[in-house]
Every structure is written in C-alpha cells, then in structure tokens.
Amino acid sequence: MKILVIEDEQNVAAFVQQGLKETGYEVFLAYNGANGLDLLTQQNFDLIILDIMLPGMDGREIASRVRQMGYKDLPILMLTALGTTENIVKGLDAGADDYLIKPFKFKELLARIRALSRRSGTSTVAHQIYKILDLELDSDSKSVKRAGKLIKLTSTEFRLLEFLMKNQNKVLSRIDILENVWDINFNMGTNVVDVYVNYLRNKIDKNFEPKLIQTVIGMGYMIKG
Ligand code: CA
C-alpha cells in the first residue's frame, strides 16, 4: 500500500514516514501542496495524509484539487492542530474523509489508515440496498435515489445516510453518529454531526415529502419510514 504524506513540519513528517515504513507501507513525502500534487500524478497512491497548515496552498485547497483532478475515492486523512469544529468541517467539506488532531499517537494514525482503507477497498460484504419509502441507498454502487431521482452526496454524507438507514427507526445519539461515520473516538464537539445532517436534509428531504430524517430533541437523530 502506497501512502502520500504532505506535511511541512519535518519532525512530524519524519515521524510519520518512519512509523509507516516500519509498519510495511510505502511512503512518499512532500513538503508542500505543489510537490504533493506532482507526486500524485506520478504514482498510484492508496491514501493521502494531508496537513492542513502548509505554506502556499493549504490542506483544504489541496483536498479539493485532488478531488477535482478526478481522484474521487482516494482516501484523504487530514492532520490538523486546529481542533475547532469550523476548521474540521471546512476540511471535510473540501473532500477529506477523516482527520486527526495533532499531536496524535502513532497507534491512532494507524487505526485511521486501516479504517479508511477498509472503507475504500473492495468490500466482500454482500450487495446491500437499503430502502425507506421512496429513498434508496445502494452501498455497492454508492448511489442514492429519492423518488427515482439520483442524488449526489459527498462520501461523508453518504456514510452518514448509510448509517442512519442501517439503523432505521432507531434514535442515534450524536456521539454514536460521530464514532460510526467519522471513526472519532475522542471527545470533541458534535456540531459537525448537526452540520452534516443539515447538508443531508437539504439533499434528500428538502424537496420531498414526507421528511424522513427526524430530530429527536435531547437525544439525536433518526431516520423513519
Ligand atoms: Ca504544517
């Protein structure tokens, strides 16, 4: 498995590179975005580890360029020292799949890499289609339809909807959602969940009836059919 690391802090880059090599990954290092995007076109990578604060292009811009360049399913793990929800949401919005707050334990980094590569790898799980009234999610082709209309979701929105639909008619707490959709297992704000539920509502509920995603006050969210 080949990993591209874009990180300007040499000590962090060296630590990540050495650890990943010892774990058996092939690692390519770039100290800025331009260099990283160059490498991206030269090699077939399985994952990108991307620092958010970089000289020149920042991580968010790089993530959206990577997506624009057509690497739609290439997992991007963002590294950030900024633990605020706003920055995290911006990063995820720009196309990152997950993030890790610095400083982090190497063990934690490995866990995220494994989770992300499991997600993007060809699944051996049987073809799953979830249906709630006229809403349909196909976990294999990663497509979503409402009333027969194809709806485009980002990868995070898709995972969120998939998690809600798998747990149809069950109230899910924000922490539950965070842990399952973002693989986050440390304490942080849960606003990101509200932000994404809102995105999802705009796409799958706003122009349709009945509304499927319900807010359960004081508890969380539920998709009901
Ligand atoms: Ca940096």
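So what's the back-of-envelope 222 nm ellipticity for the chain, counting only DSSP H runs of four-plus at -39500 (n - 2.57) apiece and dividing by all residues, rounded to 500?
Per the formula, -12500 deg cm²/dmol.
Let me know the charge dipole size of the chain about its Cα centre in debye, to the nearest 20, where only the beta-carbon of Lys, Arg (+1) and Asp, Glu (-1) is charged.
Values: 29 positive and 28 negative charges, 159 e Å.
The calculated dipole for the chain is roughly 760 debye.
For the pair Lys107/Met1, report the inter-label distance in nm, with labels modelled 7 Å from Cα in the Cβ direction.
Placing both labels 7 Å beyond Cα along the Cβ direction yields 1.8 nm.
Using 1/(1 + (r/R0)^6) with R0 = 25 angstrom and r between the beta carbons of Ser64 and Asp194, what's the FRET efficiency to the nearest 0.05?
According to the calculation, E is roughly 0.65.
Out of Leu29, Pro55, Met78, whose Cα points farthest toward the positive end of the dipole of the range 2-123 (charges: +1 Lys, Arg; -1 Asp, Glu; placed on Cβ)?
Farthest along the dipole direction, towards plus: Met78.
Using unit Cβ charges (K, R positive; D, E negative) and no other charged atoms, how large, in debye to the nearest 20, is the dipole of the range 126-223 about its Cα centre?
Result for the range 126-223 is approximately 280 debye, rounded to the nearest 20.
Rounded to two decimal places and with Rh computed the Kirkwood way over Cα pairs, what is Rg over Rh for the range 126-223?
Dividing the radius of gyration by the Kirkwood radius yields 0.94.
Given a cut-off of 22 Å, name the pairs among Lys145/Lys211; Lys21/Lys105; Lys72/Lys170; Lys149/Lys206 whose C-alpha atoms lie farther apart than that in the structure shown.
Table pairs above 22 Å Cα-Cα are Lys72/Lys170.
Please list, or write none, the aspartates and glutamates whose alpha carbon is within less than 19 Å of the alpha carbon of Lys102, excluding same-chain residues fewer than 8 places away.
Reachable aspartates and glutamates: Glu7, Asp8, Glu9, Asp51, Asp58, Glu86, Glu179, Asp183.
Which of the peptides 3-9, 150-156, 169-175, 59-65 is most tightly packed, and how do the rest follow, judged by the mean count of other Cβ atoms within 10 Å per residue?
Sorting 3-9, 150-156, 169-175, 59-65 by mean packing, highest first, produces 3-9, 59-65, 150-156, 169-175.
Just the number please: accessible area per residue for the chain, 1.4 Å probe, all protein chains included, in Å².
Per residue, the chain has an accessible area of 50 Å².
Just how far, in whole angstrom, is the range 195-225 from the range 146-160 if you go by their alpha carbon centroids?
If you average the Cα positions of each part, the centres end up 13 Å apart.
Taking the dipole about the Cα centre of the chain, with the C-beta of Lys and Arg at +1 and of Asp and Glu at -1, give me whichever of Leu172, Ala13, Trp182 is farthest to the positive side.
The Cα lying farthest towards the positive end belongs to Leu172.
May I have the pair-distance distribution P(r) for the chain, computed from all Cα-Cα distances with 5 Å bins from 0 and rounded to whole percent?
Whole-percent P(r) values from 0 Å outward: 1, 6, 15, 18, 18, 16, 12, 7, 5, 2, 0.
Could you work out how much longer the chain between Ala115 and Gln42 gets when fully extended? Use 0.36 nm per residue separation minus the Cα distance between them, nm to one decimal.
Working: separation 73, 0.36 × 73 = 26.28 nm, distance 2.53 nm.
Contour length minus the Cα-Cα distance gives 23.8 nm.
With just the Cα atoms of the range 2-123, tell me how far they stretch along each of the three principal axes, in Å, largest first.
Here the Cα extents, ordered largest to smallest, are 32, 30, 28 Å.
Given Cβ point charges of +1 (Lys, Arg) and -1 (Asp, Glu) and nothing else, what value in debye, to the nearest 20, does the dipole of the range 35-82 about its Cα centre take?
I would put it at about 140 debye.
What is the extension gain from Gln214 to Gln18, computed as 0.36 nm multiplied by their sequence separation minus the C-alpha to C-alpha distance, in nm to one decimal?
65.9 nm
Whenever you get a sec, compute what percent of the accessible area on the chain sits on carbon and sulfur atoms (1.4 Å probe). Don't skip to the end; give the middle numbers.
On the way: 5520 of 11240 Å².
Reported share for carbon and sulfur atoms: 49 percent.
The values are calculated or read from the model by the stated rules, or taken from the named source; none is laboratory data. Because the structure is predicted, anything quoted here is derived from the model rather than measured. Backbone-built Cβ (ideal geometry, glycine too); neighbour counts: all protein chains shown. Ligands, DNA and RNA are excluded from the accessible area calculation, which covers all protein heavy atoms including side chains. Shrake-Rupley method; radii C 1.70, N 1.55, O 1.52, S 1.80 Å.
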